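First up is the structure itself, then whatever we jot down about it.
The values are calculated or read from the model by the stated rules, or taken from the named source; none is laboratory data. From a predicted model like this one, the values you see are computed outputs, not experimental measurements. Cβ: placed from backbone, ideal geometry, glycine included. Neighbour counts: every protein chain shown.
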Amino acid sequence: MFVSRHKSLLTHAVVAFMSFIFPLCWKHTLIPILPSEMIDYLDSPYIYLIGIESAVLSEACYDVSGSDVTQVMLDANSIYTSETEVDKKTRMPVKEFRTLKEKLLRATACI
């Protein structure tokens, strides 16, 4: 689950993730921006890739801490799993990060 207060960032992050897993193809539920009316979809027992605005998530008082959901907090630059926050030491090396960021920006520029 990608979380951000910016809808455009959510869309770009989901599309970038789809590019990142190439040559694999995502065959499960994909909702780039989850409307507040569909918040119950987060309780789905299926695998999903969902982008959700942080305001919608906090407004619904939805807690994913006890579930198997991985939260990518785009605004805070952090990742939370059902275990704990992903250690900052496991970050991608700076050179590789810049290269990946440039390629993702070029890939999603026409969206």
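Some points to look at:
- Selection status of Ser19, among the small types (Gly, Ala, Ser) and touching a Lys or Arg at 6+ places or on another chain (Cβ under 7 Å): no
- Just one residue in the set Lys89, Lys101, Lys95 is modelled with pLDDT of 80 or more and not in a loop (DSSP other than H, G, I, E, B); that residue is Lys95.
- Residue satisfying condition, being under 23 Å from Leu105 (Cα atoms) and either modelled with pLDDT of 80 or more or not β-branched (Val, Ile, Thr) (or both), within set Leu10, Leu57: Leu10
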